[in-house]
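Asks: Before I ask anything, here is the structure I am working with.
The values are calculated or read from the model by the stated rules, or taken from the named source; none is laboratory data. For clarity, every value in this text was computed on a predicted model and none was experimentally measured. Because the Cβ atoms are built from the backbone with ideal geometry, glycine has one as well, and the counts that use them run over all protein chains shown. Areas reflect the complete protein model, heavy atoms only, side chains present, ligands, DNA and RNA absent. Shrake-Rupley method; radii C 1.70, N 1.55, O 1.52, S 1.80 Å.
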Number of protein chains: 2
Amino acid sequence: MSSLTLFTPAGAIAKAENLKRAAKRLAQLGFEVGIDADALARHQRFAGDDATRLAALHRIADAAPSVALATRGGYGLTRLLDQIDWERIAHSIEHGTRWVGYSDLTALQNGLIAHKKGLAMWSGPLACDDFGRSEADGGVDEVTRDCFLEAMSGALEAVGFRAPTADFDGLEARGRLWGGNLTVLCSLLGTPHWPKVKGGLLFLEDINEHPYRVERMLLQLQQAGVIDAQAAVLLGDFSGAAKSPLDRGYGIKDAVAALRSRTQTPVLTGLPFGHVRTKVCLPVGATVDLYVQGREAILGWQSDARLAHAHDHHHH
Amino acid sequence: MSSLTLFTPAGAIAKAENLKRAAKRLAQLGFEVGIDADALARHQRFAGDDATRLAALHRIADAAPSVALATRGGYGLTRLLDQIDWERIAHSIEHGTRWVGYSDLTALQNGLIAHKKGLAMWSGPLACDDFGRSEADGGVDEVTRDCFLEAMSGALEAVGFRAPTADFDGLEARGRLWGGNLTVLCSLLGTPHWPKVKGGLLFLEDINEHPYRVERMLLQLQQAGVIDAQAAVLLGDFSGAAKSPLDRGYGIKDAVAALRSRTQTPVLTGLPFGHVRTKVCLPVGATVDLYVQGREAILGWQSDARLAHAHDHHHH
């Protein structure tokens with residue numbers, strides 16, 4: 001049975017029942033679920049003060065469970081980046097721990113790439129948001145659940161999605177997968193925690209950000225030379241922002257067009273990822289292949305099973 | 001009589017009457033007011049497409065009026081930064097043009113420092129927001145107006161404000177004044193338009209940004225080494241954000257405390273600047289002296305009159 005530890009590295013959990021429900025469901029899915037001692041801690045809007053949350057990260061890294069699943073995002077991880085002992089985090093990953101989450105976890109995942117290139121964490125669900133939802137509130141999304149189970153078993157080696165057009169038919173690219181939440185990623189620019197990935201596959205999503213703000217961040221990445229240096233950009237969901245009467249038709253499609261007009265790098269849309277119910281698991285920091293045929297896009301990588309097999313092969 | 005040209009470099013003007021009212025009032029204040037041909041242009045949410053707005057900037061630079069006052073901010077200047085001919089802008093300033101505005105103008109003002117160190121623009125009012133308000137909506141703020149008139153005449157050589165505490169009693173610092181809107185400034189990080197100011201006086205404001213987002217940006221600047229490299233940081237207004245039940249008491253004071261706990265650089269608050277009615281004019285890019293006595297802070301610089309006198313002195 002896989003051990004799975006729930007921890008809260010950023011914002012405090014408002015309702016403990018969501019955590020309990022998530023823990024119960026994850027146990028029903030076959031995990032041996034543990035809840036970190038400070039998962040329900042509170043300090044202002046944070047799940048405990050910085051020292052508390054930092055200690056939790058290191059405690060989990062040292063325990064190295066099969067899965068370290070964040071309960072929720074919010075804001076708090078960039079506060080910790082300067083103090084994180086990346087060796088300890090790396091040690092847990094080398095011992096098989098899969099760290100999972102999205103949103104604010106983007107800071108941890110990309111900070112890891114900056115400090116320990118070659119290791120990966122998982123961009124995927126959050127316990128409270130994705131496994132803690134009451135049935136009345138929609139329950140658990142089946143695709144999200146199944147993809148998570150497959151990824152955590154080590155068997156997941158590809159995710160597919162349908163792009164809105166066939167404009168990228170025939171595209172093939174290989175590179176390090178990185179990115180996540182656009183605002184959180186941009187908050188690393190200029191800091192020692194920025195992953196200087198060249199030739200990578202950059203995936204991005206955001207929520208409640210007006211398209212002009214999304215565009216401003218995308219153009220910042222372009223002006224910083226980041227977009228041009230990538231093999232491809234994959235855009236997930238960018239919804240939730242209130243429209244303004246000032247928009248006069250301007251929307252996310254125009255923001256994407258503004259980016260595309262400024263770069264040769266393919267900018268794909270339609271990645272099923274973001275602050276939406278159905279989200280895939282993606283290995284942030286791993287080398288990934290992108291294939292597009294017509295509108296069908298596939299992101300593929302060497303699963304742990306294959307890697308193990310390759311290692312076996314190597315030994316004999 | 002001083003010539004003053006109104007132009008719209010970013011978001012479109014929703015109501016032409018605000019522009020007319022501003023033009024009328026500025027004429028009553030003694031300016032020979034001109035309105036740029038494309039000041040009321042519209043393309044999506046912008047005041048004309050990028051080529052239109054870029055052409056307007058260059059047209060005004062070439063005409064070199066005494067004052068080039070932006071009608072409003074919004075979003076749009078970072079779209080133009082890669083294409084701006086900084087030589088032409090610099091030429092206008094060397095011929096006496098005072099460029100004025102705030103909010104999105106932060107991109108232009110700090111881009112100028114990045115490309116043409118030593119020249120200054122003015123962080124100050126926007127025509128529609130500050131001179132175009134109907135009497136029913138509060139009319140024109142007298143302090144804002146008087147400070148603007150003094151700055152535009154070349155006589156303004158200091159602004160004072162009262163800090164909330166006397167914690168910085170005795171502080172004296174001299175450095176290049178830079179900054180403005182925090183979100184817009186941070187959107188320059190990592191790009192060629194970032195002004196690499198060391199030993200400066202960094203002033204910051206923002207609107208409608210939750211304190212946790214303000215904090216995230218302040219910590220980004222700190223982690224990027226920007227805050228530690230400054231002689232002082234001056235914080236203006238940070239209001240307008242909706243509080244959240246998740247805050248549990250966390251607010252802007254905690255964001256400021258988080259920054260202060262991470263740097264030796266003095267972080268002052270209380271600067272009368274931001275998206276508020278009463279705002280001072282500040283020479284962005286100029287060398288400025290900061291003196292604090294008790295709670296009273298003064299930012300002083302060589303006025304044009306003094307500079308002219310110094311030049312005279314030099315000649316004889």
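Asks: Considering only segment B:66-83, state which residues are within 12 Å of chain A (Cβ to nearest Cβ), of a type in the set (A, V, I, L, M) and crowded, with 20+ Cβ neighbours inside 10 Å.
Replies: Within segment B:66-83, B:L77, B:L81 meet the criteria.
Asks: Next question, about the same structure. Report yes if some residue within segment A:270-287 is over 17 Å from the mean Cα position of the chain (by Cα) and either more than 14 Å from every other protein chain (Cβ to nearest Cβ) or surrounded by 21 or more Cβ atoms within 10 Å (Cβ to Cβ) (or both); otherwise report no.
Replies: Checking segment A:270-287: not a single residue is over 17 Å from the mean Cα position of the chain (by Cα) and either more than 14 Å from every other protein chain (Cβ to nearest Cβ) or surrounded by 21 or more Cβ atoms within 10 Å (Cβ to Cβ) (or both).
Asks: Same structure, new question: Take A:V233 and tell me if it is in contact with a strand residue (DSSP E or B) (Cβ under 6 Å, 6 or more places away or on another chain) and not in a helix (DSSP H, G or I).
Replies: Answer is yes for this residue.
Asks: Which residues, counting only those in segment A:93-110, are of a type in the set (G, A, S) and surrounded by 22 or more Cβ atoms within 10 Å (Cβ to Cβ)? Quick ask: steps written out before the conclusion?
Replies: So the first thing to find is which residues in segment A:93-110 are of a type in the set (G, A, S), and the list is A:96, A:101, A:103, A:107.
Within segment A:93-110, A:G101, A:S103, A:A107 qualify.
Asks: From the set of residues in segment A:2-24 that are surrounded by fewer than 20 Cβ atoms within 10 Å (Cβ to Cβ) and away from chain B (no Cβ under 14 Å), which is nearest to A:G48 (Cα to Cα)?
Replies: Taking segment A:2-24 and keeping what is surrounded by fewer than 20 Cβ atoms within 10 Å (Cβ to Cβ), we get A:2-3, A:14-17, A:20, A:24.
Narrowing the set further to residues that are away from chain B (no Cβ under 14 Å) leaves A:2-3, A:16-17, A:20, A:24.
Numbers: A:S2: 27, A:S3: 24, A:A16: 15, A:E17: 18, A:K20: 19, A:K24: 24 Å.
Applying the filter and picking the extreme gives A:A16.
Asks: Please find, within segment B:130-147, the residue that is surrounded by the fewest Cβ atoms within 10 Å (Cβ to Cβ) out of those that are touching a residue at least 12 places away in the same chain (Cβ under 8 Å) and part of a helix (DSSP H, G or I).
Replies: B:V143
Asks: Determine, yes or no, whether B:A151 is open to solvent by less than 30 Å² (accessible area, probe 1.4 Å) and either touching a Phe, Trp or Tyr at 6+ places or on another chain (Cβ under 8 Å) or outside the structural domain of B:A63 (by TED's automatic domain parsing) (or both).
Replies: Taking the combined requirement at face value, the residue satisfies it.
Asks: Testing B:L246 on (1) hydrophobic (A, V, I, L, M, F, W, C); (2) more than 11 Å from chain A (Cβ to nearest Cβ); (3) surrounded by fewer than 19 Cβ atoms within 10 Å (Cβ to Cβ), one condition comes back false. Which one is that?
Replies: With (1) hydrophobic (A, V, I, L, M, F, W, C); (2) more than 11 Å from chain A (Cβ to nearest Cβ); (3) surrounded by fewer than 19 Cβ atoms within 10 Å (Cβ to Cβ) applied to B:L246, the lone miss is (2).
Asks: Kindly provide the set of residues from segment A:192-218 that are buried (at least 21 other Cβ atoms within 10 Å of the Cβ), within 11 Å of chain B (Cβ to nearest Cβ), without any contact (Cβ under 8 Å) to a residue 40 or more places away in the chain and outside any loop (DSSP other than H, G, I, E, B), ordered by number.
Replies: Selection gives A:R216, A:M217.
Asks: Now, a different point. Residue under question is A:G251, and the condition is that it be surrounded by fewer than 22 Cβ atoms within 10 Å (Cβ to Cβ) and within 11 Å of chain B (Cβ to nearest Cβ); does it hold? Walk me through how you get there before you give the answer.
Replies: Values: surrounded by fewer than 22 Cβ atoms within 10 Å (Cβ to Cβ): yes; within 11 Å of chain B (Cβ to nearest Cβ): yes.
In short, yes.
Asks: Follow-up question, since we're still on this one. Among what's in segment A:167-178 and is open to solvent by 50 Å² or more (accessible area, probe 1.4 Å) and of a type outside the set (K, R), pick the residue that is nearest to A:K116 (Cα to Cα).
Replies: This residue is A:E172.
Asks: Right, here's the next one. Could you tell me whether any residue of segment B:164-181 is within 14 Å of chain A (Cβ to nearest Cβ), outside any loop (DSSP other than H, G, I, E, B) and closer than 29 Å to B:Q264 by Cβ?
Replies: The first filter runs over segment B:164-181 and keeps only residues within 14 Å of chain A (Cβ to nearest Cβ), leaving B:181.
Restricting the remaining residues to those that are outside any loop (DSSP other than H, G, I, E, B) gives B:181.
Next, from what is left, pick out any that are closer than 29 Å to B:Q264 by Cβ: B:181.
Yes: one or more hits.
Asks: Tell me, yes or no, whether segment A:26-39 has at least one residue that is open to solvent by 40 Å² or more (accessible area, probe 1.4 Å), in contact (Cβ under 8 Å) with a residue 12 or more places away in the chain and of a type in the set (G, A, S).
Replies: Checked against the condition, which is being open to solvent by 40 Å² or more (accessible area, probe 1.4 Å), in contact (Cβ under 8 Å) with a residue 12 or more places away in the chain and of a type in the set (G, A, S), segment A:26-39 yields at least one hit.
Asks: On to the next question. Looking at segment A:40-65 only, could you name the residues that are part of a strand (DSSP E or B) and open to solvent by 40 Å² or more (accessible area, probe 1.4 Å)?
Replies: Residue satisfying the conditions is A:H43 alone.
Asks: While we're on this one: Residue under question is B:G160, and the condition is that it be open to solvent by 10 Å² or more (accessible area, probe 1.4 Å) and in a strand (DSSP E or B); does it hold?
Replies: yes
Asks: Regarding segment B:17-27, can at least one residue be identified that is modelled with pLDDT of 95 or more and in a loop (DSSP other than H, G, I, E, B)? Reasoning before the result, please.
Replies: Quick first cut of segment B:17-27, residues modelled with pLDDT of 95 or more only: B:17-27.
This time we only want the ones that are in a loop (DSSP other than H, G, I, E, B), so: none.
No.
Asks: Let me ask something else. So which residues in segment B:180-191 are without any contact (Cβ under 8 Å) to a residue 60 or more places away in the chain and among the aliphatic types (A, V, I, L, M)?
Replies: B:L182, B:L189
Asks: Please note which helices (runs of 4 or more DSSP H) are completely contained in segment A:66-124 and include at least 1 residues that are of a type in the set (D, E, K, R) and without any contact (Cβ under 8 Å) to a residue 40 or more places away in the chain.
Replies: Those helices (runs of 4 or more DSSP H) span A:77-80, A:86-94.
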